Each structure stands twice: as structure tokens, then as C-alpha cells.
Amino acid sequence: MNNDCLDELQKKLTVNFENKQLLITAITHSSYANQKKNVKYNERLEFLGDAVLQIVISEYLFLNYEDKSEGELSKKRSLIVCENSLFKIAKQWELGNYILMSNGEEMTGGRTRVSILSDCVEAIIAAIYLDKGIENSKEFILRNFSDIIESAMKNQIILDYKTKLQEVLQKKGEVDIQYNLIKFEGPPHRRKFYISVIYHGEIHGTGSGYSKKEAEQDAAQTSLMKMDDIYE
């Protein structure tokens, strides 16, 4: 990635990295690293970023919603810290334009795939944590998640994307929706499925997950996210 693209992404994040290699690793997908030698990719950062995000949101809810029980707070946190939230933020940053991935991954819709974009947001959070520390990470997370937190507390977040897609298309008079298996990969105990959602005979979204149900939800979510009148 050239310096101009890196600077452009940092402006969108409103973060200036001291160690820019952390940001490069955060936006490097495993498919890209598989084609190169000695290139780090973002899966380990995703692991750390998820933990940082969980603790920041947990603390915020604990301190600001004293009237909520442990069970209520857990449910709200699960709505905030989820693929949908991360994908929405990635879309705001136009993050798909910056991810380093293989040509094959790009050709199969990788730049708009919910799982890839949401994982990348977690990796960026980890990169900020490692580069700037917890207080700067907290400020970054709360600034970017403020609208999502508000929506979660007002019960405005969608959980079942397949049902929501069906409802949206029914309003348009389109109800013939098909979910087709594109491929699956990995060992039987950790098999990953890739699904496309089709209506009007065209693919309108693709998704992936570690079950067919999860992949179908991912595909439906991707399709919904392309409908600006639903999410803008």
C-alpha cells in the first residue's frame, strides 16, 4: 500500500499512527498474505481488538446505565459488539477500498463481505490500542460507536436479516429469494460456508459463516446494506 492511501485512511479514522506497520497489518487479509512471503495478516489483531472493544463497551454501559441488570447489559452489549455494528462502521470509513486481499478474494466480493470488513474493524481497534494505549482506544471506540449504542438502547437494531430482507422485498413486490451455497472450505470441525442471496435471477449479496444459517444471515445483511434507503 502506498503512503497516499495510508494517509487517506488515517484521515478517515482521524488517527495518526506512530507505527504505521500496525495499520498495514490490520488491513491485510489472510488471502493476501498467503500470496506473499513474510507478510503478517490481521487475524491475531482481530482477537485483541475484540477484547478491547468488549471491555470499553462493557465499562461504558456499566457506568452509564445503572438501572440495567447484568442480563440486560449483556444483551445490549451483544447488540453493540456484533458484525452488523462493525460492518456499519467499516462502510462509513469506506474500508473495503483499503483492505489488502488476493485477486481471487476480491473477485468473489471480498471488499463488501460483512465478515471481512467487520474483522478488519476489530483489527484496527487493536492496532490503535497497541499504538496509542487504552485511553485513546476508548475515545476512538466511543466516538465511532455512539450512534450504535443509542440504537441498541432504543431497541432499534435488526437481528434477523433474512426476515428483514423478506419484508423489504415484499414491499417492492419481490418475494422470490434464493440462498445458494457457493462453496465450503476447512476441516469438518471448523467448516466455513459461502452463500449467495439471489432475487430477480441476480446475486445481490454474498456472505460467509461457520454454519449455513450464519452464512445466509451474512448474505442477507450484505444485501440489505446495499439498500441505502434502509440504512442511510
>> Checking the structure you have, find out if any residue of the range 30-44 is assigned by TED's automatic domain parsing to the domain that holds Tyr98, of a type in the set (Phe, Trp, Tyr) and closer than 23 Å to Asn136 by Cβ.
In response: no
>> Being of a type outside the set (A, V, I, L, M, F, W, C), in contact with a strand residue (DSSP E or B) (Cβ under 6 Å, 6 or more places away or on another chain) and surrounded by 20 or more Cβ atoms within 10 Å (Cβ to Cβ): is that true of Ser85 here?
In response: no
>> Return the residues of the range 98-117 that are over 20 Å from Gln10 (Cβ atoms) and either in contact with a Cys (Cβ under 6 Å, 6 or more places away or on another chain) or outside any loop (DSSP other than H, G, I, E, B) (or both); say none if nothing qualifies.
In response: Asn103, Gly104, Glu105, Glu106, Met107, Gly110, Thr112, Val114, Ser115, Ile116
>> Against the conditions (1) surrounded by fewer than 17 Cβ atoms within 10 Å (Cβ to Cβ); (2) touching a strand residue (DSSP E or B) at 6+ places or on another chain (Cβ under 8 Å); (3) farther than 17 Å from Gly209 by Cα, where does Leu165 fall short? Just the number, please.
In response: (1)
> Hey, among Ile134, Ile195, Ile124, which residue is touching a Ser or Thr at 6+ places or on another chain (Cβ under 9 Å) and of a type in the set (A, V, I, L, M, F, W, C)?
Replying inline: Ile195
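Could you grab me the full set of residues in the range 82-135 that are hydroxyl-bearing (Ser, Thr, Tyr) and either in the same structural domain as Val197 (by TED's automatic domain parsing) or out of contact with any helix residue (DSSP H, G or I) (no Cβ under 8 Å at 6 or more places or on another chain) (or both)?
Thr108
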> Of all residues in the range 59-97, how many are β-branched (Val, Ile, Thr) and either closer than 16 Å to Ala123 by Cα or outside any helix (DSSP H, G or I) (or both)?
Replying inline: 2
> Does Gln217 meet the test of being surrounded by 20 or more Cβ atoms within 10 Å (Cβ to Cβ), within 20 Å of Ser118 (Cα to Cα) and modelled with pLDDT under 85?
Replying inline: no
> Scanning the range 8-20 for residues that are of a type outside the set (Val, Ile, Thr) and under 19 Å from Leu117 (Cα atoms), which turns out surrounded by the most Cβ atoms within 10 Å (Cβ to Cβ)?
Replying inline: Leu9
> Scanning the range 113-151 for residues that are among the hydroxyl-bearing types (Ser, Thr, Tyr) and under 11 Å from the mean Cα position of the chain (by Cα), which turns out modelled with the highest pLDDT?
Replying inline: Ser118
> If we scan the range 136-148, do we find a residue that is in the same structural domain as Asn19 (by TED's automatic domain parsing) and either within 23 Å of Phe193 (Cβ to Cβ) or not in a helix (DSSP H, G or I) (or both)?
Replying inline: no
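Tell me, yes or no, whether the range 46-53 has at least one residue that is more than 29 Å from Ala152 (Cα to Cα), surrounded by fewer than 19 Cβ atoms within 10 Å (Cβ to Cβ) and either in contact (Cβ under 8 Å) with a residue 60 or more places away in the chain or in contact with a strand residue (DSSP E or B) (Cβ under 9 Å, 6 or more places away or on another chain) (or both).
So far as the range 46-53 goes, no, none of its residues is more than 29 Å from Ala152 (Cα to Cα), surrounded by fewer than 19 Cβ atoms within 10 Å (Cβ to Cβ) and either in contact (Cβ under 8 Å) with a residue 60 or more places away in the chain or in contact with a strand residue (DSSP E or B) (Cβ under 9 Å, 6 or more places away or on another chain) (or both).
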> When residues of the range 198-225 are filtered for being under 21 Å from Ser85 (Cβ atoms) and over 16 Å from the mean Cα position of the chain (by Cα), how many remain?
Replying inline: 2
>> Here's a check for you: in the range 131-162, which residue that is buried (at least 18 other Cβ atoms within 10 Å of the Cβ) and touching a Leu at 6+ places or on another chain (Cβ under 7 Å) is nearest to Gln54 (Cα to Cα)?
In response: Ile141
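The values are calculated or read from the model by the stated rules, or taken from the named source; none is laboratory data. Keep in mind it's a predicted model, so treat the numbers as computed, not measured. All Cβ positions, glycine included, derive from the backbone under ideal geometry; neighbour counts span all protein chains shown.
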